[in-house]
Amino acid sequence: MGPLPQAPAGDPFPNDQAMWPDPTSRTGMRVNASTVAPTSIEETARKKFDQLEGFGTYAPITVGFAKRKDNPAQPAVDLANLMKRHQGDDYELANDTIYVVNLDTGVPAILDLGEGSFQYVVREKHKYWRNDTRRLEQNLMWDTADETIDPTTGKRRPTALVGGVPSYKPEWDTDFDGVLDLPNLKNPDGCPTQVDVELGKVSERDRDRCVTDNLLTFYERETDTLIMRPLVPLMEKTQYAVVITDRMLDCGKDPSKCAAGDPVRSPFDFVYHPAQEEAMARLKAHLSNKELSSYYGDIGGTGFEHVAFAWTFTTQPVQEDLRLIRDGLYGKGPLARIGKEFPANTQLARAAGKVDLEALADGTEEPAGWETQGKCKDTVKNFHIVKFDVVKETLHELAKQGFGFDGPTLETLIASFDSISHIAIGEFDSPFFITGGPKGKDPNASFDMDFRTGKGQLFRDKVQYLIVVPKNTTKHHQPFPVAYYGHGYTSSSLEVLGFAGHLATQGIASVGMNATFHGLEMGETELQLARNLFKTACEGPFASALLTGRARDLDGDGTADSGGDYWTSYLFHTRDVVRQSAVDLLQMFRVFKGFDGERLAVHTKDPVSGRLMQDYNGNGEPDDLAGDFDGDGTPDIGGPNSEFYAWGQSLGGILAPFVAALDPNVVASAPTAGAGGLLDVGARTFQGGAFEGIYLRNFGPLVVGIPAKEFYDANKQKETKCGEAQVSLRFVLIDVNDDREVEFGCVDKTAYTKAGAP
């Protein structure tokens, strides 16, 4: 039910009426969603919705209105009135038509109703695969194509009926939804149409500008639904009331224009559903409080006198989950056990040697006397670290031949390494909360943890990091503060080397960590190049450590797919791979804070050579300080009072704020090109891999017909078995986080009618 000019319409959402009481929930309630769905991916998502303890803190808030019967093309409410009160006033609240009120404080949230704070225009509108009937449109949320236009003449609504509703013509319904769509613009006739572009009456760019400037993002005309967005995330575990005031007007009685409207009204006998009586008493007290009246303008302090309709919803725990995990790592709260089960220890990988780790594990032995040969005389002294001066030329060649760096860019990168003393690759054990464990491949896998009691599924993962330690100078010296650099989607910890040299000049160590399900992904040629280059430098095992990651082979081709199922349309999986990466960061910083100059490293015996591992000072005794990677008697980095920093780009720009907000030792953060609101990211991303993993998995598999002549004209006839005059029938399919086309048939063009139906 909703606030309606005439009759019931779309249910207001989110809504406490869509929840049920549950004493095991931290909010006392859980979402009660229907699990009936047409696809397995949606059915699984709905089952997991039922586990939620409330609604999102940053999600849209919507309410539908009854469509006018005398002119369904006209909106149910006065949009000009809404825009006047909610746009262009720097989010001033006093004259708003609608409020979202925190029932604990009585303070309304700041809402965006088309002010422009949310970006819905896509950057690459032609990217949505073959035969896209909306190839000229710029957003995925609202239809801006006009299907009431005669595609041959460009004439608007040539078959309009009384009331402005066009008669249905199936050949004009190009999105096959049974409705002839009108553009969801401030004025549906205010911009050139897609037919105008196709007929050459206007340029595509000019139409794009007009549609972008006039896109109606706070109201969907087809369903008469108002869409509000909190500008700042709402408080978690909090009950809110959505209050529609009598400032919200319908469009009046004249079906030909929107003017002289009356206030909208409740579908009930009173202004709220009787099941929400208790919460409404709290709301009424706030709206009657004159001390809060400045928020509500001239209706402040008047109670329900000016309320047309109201409903409540409760937000879910959001930050609390990660706060409880953080506390658990430090031995507190319901998850205190993970602090003991996952101690703050780390192991550096072996770096020195002529033989890589894979060959050593297979029984290959180092050549006799290797420790005294060539570069090995220097590297064997630092068994676990790589001195940068020793491998500078190796890295130069790897950057040039393996990653395509060249010219001034390459030389600037190599020059930045002059302030670096050494690098090392380490790993630590981290609590892994995603069901199935770190090797699992279920795309629906997510956290299964009762954060109230601490009971649930918990696994163990080994997380790799690459640490870059600056040279000691008179100004900067060990132990150095540490800056986490977050790599991009499908990348790896190696990416930190692109920036670590510049921070090293400032006396700041850098660390890169493989995000959940990520690792260095290289072709076979590049892999062999890396192995050979490091073997030549007597750092063969270091190459193996560098190539060790957390990625899994998701398609059975023998190659790990870094981040292959990180950004997908499996909502809960995507949410939790991000959260798991945040958990790993918290554990890594906890490890570094343990380098207090007193704790000893955890020593083990190399199963192949019998050598004492983590013997940083090379004396053969287990007396090395934790974090003293170069064995000089002082931890290289960190410590309980050390300052930490967090930054990154793309995926790293998303992850860096997590650890910055959760770990008090992080004193500064610089997230670059990150984003908040994962669904908003999905709505506009053009990032390769994420784009396919989100959209094609939702849209596909697509069935398309392509004139085979297109392949012949492009000299790609090997990609089809159809004759030049035939139509190639194809599936467009998702392949992990990429797309593939599979031809499954050939038909003659004469088998199709003009309308496109066989």
Before we move on, is K69 of a type in the set (K, R), closer than 23 Å to A445 by Cβ and surrounded by fewer than 18 Cβ atoms within 10 Å (Cβ to Cβ)? no
Could we say that V602 is surrounded by fewer than 22 Cβ atoms within 10 Å (Cβ to Cβ) and β-branched (V, I, T) here? yes
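Yes or no, residue by residue, for (1) closer than 27 Å to R575 by Cβ; (2) touching a residue at least 40 places away in the same chain (Cβ under 8 Å); (3) touching a strand residue (DSSP E or B) at 6+ places or on another chain (Cβ under 8 Å):
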{"position": "V667", "(1), (2), (3)": "no, no, yes"}
{"position": "G674", "(1), (2), (3)": "yes, no, yes"}
{"position": "E710", "(1), (2), (3)": "no, no, no"}
{"position": "A714", "(1), (2), (3)": "no, no, no"}
{"position": "A725", "(1), (2), (3)": "no, no, yes"}
{"position": "F744", "(1), (2), (3)": "no, no, yes"}
Kindly evaluate L226 against the criterion of being aliphatic (A, V, I, L, M), part of a loop (DSSP other than H, G, I, E, B) and either in contact (Cβ under 8 Å) with a residue 60 or more places away in the chain or farther than 22 Å from L679 by Cβ (or both). no
Residues that are closer than 16 Å to A241 by Cα and among the aliphatic types (A, V, I, L, M), drawn from the stretch 266-306: V271, A275, A279, M280, A281, L283, A285, L287, L292
Is it true that some residue in the stretch 318-336 is within 38 Å of the chain's Cα centre (by Cα), closer than 26 Å to D50 by Cα and β-branched (V, I, T)? yes
Are any residues in the stretch 606-660 over 32 Å from the mean Cα position of the chain (by Cα), of a type in the set (S, T, N, Q) and part of a strand (DSSP E or B), and if so, which ones? none
Could you say whether any residue in the stretch 53-64 is part of a loop (DSSP other than H, G, I, E, B), at pLDDT 95 or above, within 22 Å of A241 (Cβ to Cβ) and in contact with a Lys or Arg (Cβ under 6 Å, 6 or more places away or on another chain)? yes
Test of understanding: among L651, L571, which residue is over 25 Å from S492 (Cβ atoms), buried (at least 19 other Cβ atoms within 10 Å of the Cβ) and of a type outside the set (S, T, N, Q)? L571
Whether any residue in the stretch 500-513 is at pLDDT 95 or above and on the phi > 0 side of the Ramachandran plot is what I want to check. yes
Just one of (1) touching a Lys or Arg at 6+ places or on another chain (Cβ under 7 Å); (2) at pLDDT below 95 trips up F572, so point out which. (2)
With respect to S446, determine if the residue is touching a strand residue (DSSP E or B) at 6+ places or on another chain (Cβ under 9 Å), of a type in the set (S, T, N, Q), in the same structural domain as Y645 (by TED's automatic domain parsing) and more than 25 Å from A601 (Cα to Cα). yes
Within the stretch 229-273, take every residue that is touching a residue at least 24 places away in the same chain (Cβ under 8 Å) and among the acidic types (D, E) and give me the one that is farthest from D112 (Cα to Cα). D262
State whether one or more residues within the stretch 31-40 are out of contact with any His (no Cβ under 7 Å at 6 or more places or on another chain), in contact (Cβ under 8 Å) with a residue 60 or more places away in the chain, assigned by TED's automatic domain parsing to the domain that holds K237 and not in a loop (DSSP other than H, G, I, E, B). no
H477 fails exactly one of (1) modelled with pLDDT under 95; (2) on the phi < 0 side of the Ramachandran plot, namely (1)
Identify the single condition in (1) part of a loop (DSSP other than H, G, I, E, B); (2) small (G, A, S); (3) at pLDDT below 95; (4) over 26 Å from V232 (Cα atoms) that G693 does not satisfy, given that it satisfies every other one. (1)
For the stretch 68-83, give me the residue count where each residue is among the polar types (S, T, N, Q) and at pLDDT 95 or above. 1
Determine whether L360 is at pLDDT below 95 and either surrounded by 19 or more Cβ atoms within 10 Å (Cβ to Cβ) or in contact with a helix residue (DSSP H, G or I) (Cβ under 8 Å, 6 or more places away or on another chain) (or both). yes
Where in the stretch 346-404 are the helices (runs of 4 or more DSSP H), entirely inside, with at least 3 residues that are outside the structural domain of P635 (by TED's automatic domain parsing) and without any contact (Cβ under 8 Å) to a residue 60 or more places away in the chain? 388-397
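Per-residue answers, yes or no, for (1) in contact with a Ser or Thr (Cβ under 9 Å, 6 or more places away or on another chain); (2) outside the structural domain of G300 (by TED's automatic domain parsing):
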residue: D78; (1), (2): no, no
residue: A94; (1), (2): yes, no
residue: V100; (1), (2): no, no
residue: P108; (1), (2): no, no
residue: L111; (1), (2): no, no
residue: E124; (1), (2): no, yes
Name the residues in the stretch 94-141 that are under 16 Å from I61 (Cα atoms) and assigned to a loop (DSSP other than H, G, I, E, B), would you? D96, T97, A109, I110, L113, G114, E115, S117, F118, M141
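The values are calculated or read from the model by the stated rules, or taken from the named source; none is laboratory data. Quick caveat: nothing in here was measured; it's all calculated off a predicted structure. Neighbour counts are summed over all protein chains in view; Cβ atoms, including those assigned to glycine, are modelled from backbone coordinates with ideal geometry.
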